[in-house]
Amino acid sequence: MGLIKIKKESAKIGLALWFAGMWSWSLQTDSLELAGNKKQGLIIAFIVLLINVFISTGVILFFMTLANLIKRKVTIWIFIPILLILFSLADFMAAWVPAVLWIGPQGRIDSVLPLGSASLLLLRTPFIFSSRLVGFYGLASFVWVFLYLFIIKSLRKFSVVPVILLSVLSLIGWGLYKKPNGHTISAVIVSETLTERRPPISVTDENLVLFPEYGFDKIDNQKLKNRIISASGNTHKTYFIGSMQVYKKSRMGHENRLYEGNTKEGFTTQQDKYRLIPGGEDLPYIVNIALRATGQNSTINYFSYAKSVIKGDRQLTNFEISPGVRIGSAVCSSIIAPQDYRTFTKNGATILTNSASLKPFNGSRLFAWQQQSYGRFMAVANSRYFLQSANSASAYVFDNNGKKIIEVSNNKTAKINIVSNDTVTIYTRFGEVMVWLGAFSTIVIILLHYARFEGRTKKYIKNFKKWLST
């Protein structure tokens, strides 16, 4: 029993260290300078970190407890598939529950914060190709199942099973969707800062220029030449994508508006950002209440004016630049929302892009690694080229197989040929099926356990009454 207790404590410590490490970048963001009070910001960030670690660790331990309930009830060959769907739900819940906790007045109930997902351990390996079949959280489940089986001595010899299964699924995922079938186009990506923009980009035969988030601030059709110039006159149409801040006199905050257009017609379409970062662009209810209770109204006003984003009324939609070439473009925060890019692709996007501004993360290498890992997932799971342009971070391109074909930083641009693709992966078509199966199985397991417990309780009460009567 002592050995079992030690293993349980080691598992708790290991989980807590993992989630603490993955969330540690939150201690160096510019949110620490809330209302000019860095000490107050650090205290808030540390509390948020502790709460997120506690919740995420608790979620995984809860599902390990569920696994223990059924461990001796079924054979190992039934047990392992059950574990895979249970832990896919566990990884999802560890990303979803913190997001719900930190939800604000403009938050979305389907937002997630998968910043401690076990998928991060596999997104830079060939195992990522299995995500085309099992999705983001399904991929994570193989890590959790391997660890669960490995730490239980009697089951350790079976820990190789999820590895073998994952290898087979990865080979299938790679083989089915490795070759894009669309058009080759020329694109330009941009790395710059909010205060040091690139000189006007001169284009000739380029098809697409992707600007960072806020890359069109203070730009209109008359000033468009400050950002992009057509060297070929009107003989070629180059499309561009970027966003700008639009302030409203009627309310605090600003709209983050995604603009699309071309060198012949200027700006043609616009869409307001729909997915906001909890705590970054939308002040959580719980933080708002805490700040008001402690008389920190100046902090709330600062956040509302400087950081708050006014959410758009609908999800972003695809942007077509030529027949068969449709761009699914999001602004920054959708990079941690796999469902957004899956929706773009399911609705016909053949190329995926992200316009980001990562200055708030103060150059965190950990967050940069996480952010690019998610970009690689979007590319591979949906089998699409993925492009990012960014402020205060690198711009990069992944091909549909997750190979980084170019990366630039330090106020540079890069021209690259990319290939569209309209093949639909199993993940794109059906989504996180393993999570839904996990949810159904969890409900069944809990109901059966409760029914057995209730049945035993009634039996004990009946026997106790019988004993009293004698």
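Go through (1) of a type outside the set (Val, Ile, Thr); (2) assigned by TED's automatic domain parsing to the domain that holds Asn391; (3) loosely packed, with under 15 Cβ neighbours inside 10 Å one by one and return the number of the condition Asn297 breaks.
(2)
For the range 233-263, give me the residue count where each residue is buried (at least 22 other Cβ atoms within 10 Å of the Cβ) and either in contact (Cβ under 8 Å) with a residue 60 or more places away in the chain or not in a strand (DSSP E or B) (or both).
Counting residues in the range 233-263 that are buried (at least 22 other Cβ atoms within 10 Å of the Cβ) and either in contact (Cβ under 8 Å) with a residue 60 or more places away in the chain or not in a strand (DSSP E or B) (or both) gives 8.
Among the residues of the range 333-385, which ones are surrounded by fewer than 21 Cβ atoms within 10 Å (Cβ to Cβ), out of contact with any strand residue (DSSP E or B) (no Cβ under 8 Å at 6 or more places or on another chain) and charged (D, E, K, R)?
If the condition is that a residue be surrounded by fewer than 21 Cβ atoms within 10 Å (Cβ to Cβ), out of contact with any strand residue (DSSP E or B) (no Cβ under 8 Å at 6 or more places or on another chain) and charged (D, E, K, R), then Lys346, Arg365 are the ones that fit.
Applying the selection to the range 278-314, what residues are part of a helix (DSSP H, G or I) and β-branched (Val, Ile, Thr)?
Scanning the range 278-314 gives Ile286, Val287, Ile289, Thr299, Ile300.
Would you check if Phe267 is without any contact (Cβ under 8 Å) to a residue 60 or more places away in the chain and surrounded by 22 or more Cβ atoms within 10 Å (Cβ to Cβ)? Write out each step before concluding.
On the way: without any contact (Cβ under 8 Å) to a residue 60 or more places away in the chain: yes; surrounded by 22 or more Cβ atoms within 10 Å (Cβ to Cβ): no.
Here the answer is no, as Phe267 does not meet what is asked.
Considering the range 300-332 alone, what residues qualify as being small (Gly, Ala, Ser), touching a residue at least 12 places away in the same chain (Cβ under 8 Å) and either touching a strand residue (DSSP E or B) at 6+ places or on another chain (Cβ under 9 Å) or not assigned by TED's automatic domain parsing to the domain that holds Glu260 (or both)?
So in the range 300-332, the residues small (Gly, Ala, Ser) come out as 304, 306, 308, 312, 322, 324, 328-330.
Pick out the ones that are also touching a residue at least 12 places away in the same chain (Cβ under 8 Å) and you get 304, 308, 312, 322, 324, 328-330.
Result: Ser304, Ser308, Gly312, Ser322, Gly328, Ser329, Ala330.
Criterion first (modelled with pLDDT of 90 or more and more than 26 Å from Leu352 (Cα to Cα)) does Tyr285 satisfy it?
yes
Name the single residue that is farthest from Ile109 (Cα to Cα) among those in the range 280-301 being of a type outside the set (S, T, N, Q) and touching a Gly at 6+ places or on another chain (Cβ under 8 Å).
If we filter the range 280-301 for residues that are of a type outside the set (S, T, N, Q), which is where we start, we get 280-287, 289-293, 295, 300.
Next cut, touching a Gly at 6+ places or on another chain (Cβ under 8 Å) only: 282-285, 287.
Numbers: Asp282: 13, Leu283: 15, Pro284: 13, Tyr285: 13, Val287: 17 Å.
Step by step, filter the range 280-301, then rank; the result is Val287.
Does any residue in the range 184-196 that is touching a residue at least 60 places away in the same chain (Cβ under 8 Å) come within less than 7 Å, Cβ to Cβ, of a residue that is surrounded by fewer than 16 Cβ atoms within 10 Å (Cβ to Cβ) and not in a loop (DSSP other than H, G, I, E, B) six or more places away or on a different chain, and which pairs are these?
Final answer for the pair search is Thr184/Asn417; Ser186/Lys415; Ser186/Asn417; Val188/Lys415.
The values are calculated or read from the model by the stated rules, or taken from the named source; none is laboratory data. Quantities reported herein were computed from a predicted structural model and do not represent experimental measurements. Note: ideal-geometry Cβ built from the backbone for every residue, glycine included; neighbour counts use all protein chains shown.
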